[in-house]
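Let me begin by presenting the structure, written as structure tokens, before commenting on it.
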Amino acid sequence: MIDISVRNVKKAFEEGNDILDDISFDINEGEKVGLLGKNGAGKTTLLRLITGELEPDEGTVAVTGFKKTGLISQIPEYPAGYTGEDVMQTAFNRLKEMKAGMEELERKMADGGDVDVLKAYDSLAYEYERLGGYNTGHEINRVANGLRIPPEQRERSFDRLSGGEKTRINLARLMLEKTDILLLDEPTNHLDMRATLWLEEFLGKYGGTVLIISHDRYFLDKTIDRAIEINAGKAEFYGGNYSFYVTEKQRRYEEQLERYEREQAEAKRLRDAAARLHQWGTGNEMLMKKSRSVLKRAERAQRTERPDRDKSMHAKFEEKEFRADELLVIKDLKKSFDAHSLFEIGELEVHGGERIALIGDNGTGKTTLVKIIMGEESPDSGIVRRGPAVKPAYLPQVVRFDNPRRSILDTLTYELNMSPQLARNRLGAFLFPGEDVFKLVGELSGGEKSRLRLCMLMSGKANLLILDEPTNHLDLPSREWIESAVGDFGETIVFISHDRYFIDRFATRVWEIEDGAFTDFSGSFAQFLEYKRSAPGRVSSAAGGVAVAAGRQTVSPSGSAPAAATPRSGSAGPVQRAAKPNKKPSDIPKEIRRLEREILKAEGELESIRLLMEEHSSDYVKLIEYNLLEQEASERIDVLYREWETLS
């Protein structure tokens, strides 16, 4: 059964600029689909079309009528005074109505109700029990504990919760409602690692249909079974998880590039042949006609567009020369908040070139620790000592600028004392081209602000880089870019992250804060998870990530490029036929006419193959077959034209 059907949908917010351009796809019952694409590609717009919040300019969007759909990105308004607990309880409104009906029937039975009242009560009681009416408290506790919603958060007024806390409670409400179709827009953005692992497990067991927008690559790998990428208003389809998508996207790119280059070479050869025929044909109308025919063939041969790589930023950190052994020392460090101990750290030394992942649940004190290291906050006791030649650069989780009314260009020129031309050059490398440099920094998205701050940090010659959730507001291409930039940084990095892909790629040491305890582990993230799983008395809910981390080692993050195709030499038969040199002059016109008939027939066959390629453009199994047929047909036509040229 089809749960979601999108047919020929177009949507534009500015005239002549379609964010979605004739998109069609179906999502079947029970499928778990990832919606991929850059920020601004139209992913959230598509979710809003599916929920009916927006109407398409053209086309239709249909959702199975009797099924309940829930969207995570939207947080409904609730009556004043509602607590987090009240919001989660709204998931059971139908059960509450049934309970009220049962109580009314009980009163009637107490007054001597007839048989019909008793039957109605039995029927309602059965349905109430079947739907879990007697287990609502247990269900709320199970989901709230899984999503790390503590009792004090459940008791607090909903309108006083943070955006992340509201998102968690709204997600819990949808799960408790047993929604048939879940539309998740960045569901892990405000979840710590443990809650994310729980959500992965929940979705693995969930029997309904799921459409997910996420930039968390591990999360996508664990939760989706196919992907739809929105690119330049069009949809491309991939029959697997995120790792499959990366590998297959690379394969398609290389295949299209190879086809483009082959067609360009073929077009050049035909143009050269047409030029020779034109030169020979002075005064010969037949040769001039053939020259024009070959030139048209050259135009038709160029059917494939050159594939474009995603535009990327080309920038590196300017590093300060520093090779001292002792970069950072922490000793007897303690910090509490409202009489609650965040952490106690005995003695730590950080050396040049280390890459330290600082992990833990939300609220454990990770950001507080990096602020102490940066000197922005004081500990209750203990010391943090940086080496005398250490120059840190700090990217906070929430980026702010001193003057939000300044343009991007003015911010760079004023704060870095940089010439406008040099500032433009730097901004261009960070994907702020042309007129974009005149945007006000206060109006930038979270990802754009992080990108601009990184641009400023990279010119500071740092040797200690401290990053607080560096990938939080970035789309997948931007995440890949920052990984490339961080990978090129040869000095010390301390970073807070819930992005397991990022942690697994860079961490050579792990600091974990858990329930006030501090763990310093020397090794990779995968080794740390294995330690957590196997250490006596330390079986952690994060242990489920071991399989994830181990799985990543078997699949390259960028996908493995397919082996280069061996050039086809052709087989015996007409493809390898050469013109015979011993033709009688009287036979040549007859042979030319025969070749022209064969060329016409072969060109018709080639055109039919290319029409089939267009028809099956999303079926890459069939495309491989048609590509081979196209290549064989082109080679046959090449041989026929060479024979024709020789005889002409």
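The values are calculated or read from the model by the stated rules, or taken from the named source; none is laboratory data. These numbers were taken from a predicted model, which means no experiment stands behind them. We place every Cβ from the backbone using ideal geometry, glycine too, and count neighbours over all the protein chains shown. What goes into the accessible areas is simple: the full protein's heavy atoms, side chains included, and nothing from ligands, DNA or RNA. Shrake-Rupley method; radii C 1.70, N 1.55, O 1.52, S 1.80 Å.
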Residue among Lys68, Lys10 that is among the basic types (Lys, Arg), open to solvent by 40 Å² or more (accessible area, probe 1.4 Å), in contact (Cβ under 8 Å) with a residue 40 or more places away in the chain and more than 24 Å from Phe219 (Cβ to Cβ): Lys10
Looking at region 168-191 only, could you name the residues that are open to solvent by less than 10 Å² (accessible area, probe 1.4 Å), part of a loop (DSSP other than H, G, I, E, B) and in contact with a strand residue (DSSP E or B) (Cβ under 8 Å, 6 or more places away or on another chain)? Thr179, Pro187
One residue from Val510, Val486 being open to solvent by less than 30 Å² (accessible area, probe 1.4 Å), closer than 13 Å to Ile356 by Cα and in a strand (DSSP E or B): Val510
Please verify whether region 192-206 includes one or more residues that are outside any helix (DSSP H, G or I) and over 20 Å from Gly84 (Cα atoms). yes
Can you pull out the residues in region 192-221 that are open to solvent by less than 30 Å² (accessible area, probe 1.4 Å) and of a type in the set (Gly, Ala, Ser)? Ala195, Gly208, Ser214
Output for region 385-406, where each listed residue is surrounded by fewer than 18 Cβ atoms within 10 Å (Cβ to Cβ) and part of a strand (DSSP E or B): Arg385, Arg386
Please tell me if Ala120 is surrounded by 13 or more Cβ atoms within 10 Å (Cβ to Cβ), free of Cβ contacts under 8 Å to residues at least 40 places away in the same chain and not polar (S, T, N, Q). yes
Of the residues that sit in region 354-373 and are open to solvent by 40 Å² or more (accessible area, probe 1.4 Å) and in a helix (DSSP H, G or I), which one is farthest from Leu328 (Cα to Cα)? Thr367
